[in-house]
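What follows is a set of notes on a single structure, which appears directly below.
The values are calculated or read from the model by the stated rules, or taken from the named source; none is laboratory data. It should be emphasised that the depicted structure is a prediction, and the values quoted were computed from it without experimental measurement. Neighbour counts are summed over all protein chains in view; Cβ atoms, including those assigned to glycine, are modelled from backbone coordinates with ideal geometry.
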Amino acid sequence: MGTPLQNKIYQYITSFIEAHGHSPSFEEIAVGIGISARSVSLISRCVRALVDEGRLVFYKKGHRNIKLPEAPSFSLPLLGKIAAGSPIEAIHDYRAIDVGWLLKGETHFVLEVKGNSMIDEGILDGDFVICKHASAAKEGDIVVALVDQNDATLKRISYQVKGMITLIPENPHLKPKAYLPHRIQIQGLFVGLLRLNNKVTYVEQSH
């Protein structure tokens with residue numbers, strides 16, 4: 001998933017490309033993430049690490065030579081509906097559902113779930129959650145949060161307690177925990193779920 005600094009650089013580059021249509025310079029990246037413009041060697045090392053991970057691409061020599069990897073379109077046929085409760089009449093309705101944005105989104109990554117803190121949300125131990133890189137979240141979002149720059153966790157976020165960030169599990173046997181804001185760094189938002197069962201992959205989009 002990269003270091004916190006690499007993720008911050010990646011998020012800045014992604015936002016810059018979306019806003020300007022081209023990549024920022026190393027100096028612009030440094031200033032944009034709040035460090036000295038002279039820290040180009042540090043930025044260069046982090047960018048090269050992101051390229052090695054496949055999250056960025058060098059597409060030419062020289063200045064402003066970074067781009068996001070292309071995500072080819074990918075779709076699966078939607079053949080109809082099926083009941084998980086009472087039977088319903090079979091419906092034949094051929095359509096294609098584009099899941100490329102979910103499985104190959106240029107800002108998306110996957111984490112394997114360990115533990116049962118989110119079981120009431122249908123997220124089980126051993127599932128793979130699809131997340132989108134983000135550094136901010138709204139009330140009630142399910143987030144990938146880094147606590148004290150060390151421990152990563154998947155929880156629902158709340159700002160209801162004044163001056164605190166609360167991470168809420170979706171498990172009646174576990175209690176929410178409130179933290180001072182400087183202890184929490186948001187690294188991503190939950191957008192979907194992969195569950196492997198007899199080598200079949202199930203994809204569930206977050207609502």
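Looking at region 109-123 only, could you name the residues that are among the hydrophobic types (A, V, I, L, M, F, W, C) and more than 18 Å from the chain's Cα centre (by Cα)?
119, the sole residue that qualifies.
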When residue 190 is run through (1) at pLDDT 90 or above; (2) aromatic (Phe, Trp, Tyr); (3) outside any strand (DSSP E or B), the failure sits at (3)
Residue list for region 155-166, restricted to those being in contact with a Phe, Trp or Tyr (Cβ under 7 Å, 6 or more places away or on another chain) and not in a loop (DSSP other than H, G, I, E, B) | 165
Return the total of residues in region 193-207 being outside any strand (DSSP E or B) and either more than 14 Å from the chain's Cα centre (by Cα) or modelled with pLDDT of 75 or more (or both).
-> 3
Residues of region 131-176 being basic (Lys, Arg) and touching a residue at least 40 places away in the same chain (Cβ under 8 Å), in sequence order, are 132
Confirm whether residue 180 is free of Cβ contacts under 8 Å to residues at least 40 places away in the same chain and buried (at least 18 other Cβ atoms within 10 Å of the Cβ).
-> no
Considering each residue of region 144-177, count those that are closer than 28 Å to residue 9 by Cβ, surrounded by 14 or more Cβ atoms within 10 Å (Cβ to Cβ) and among the polar types (S, T, N, Q), and give that number.
-> 1
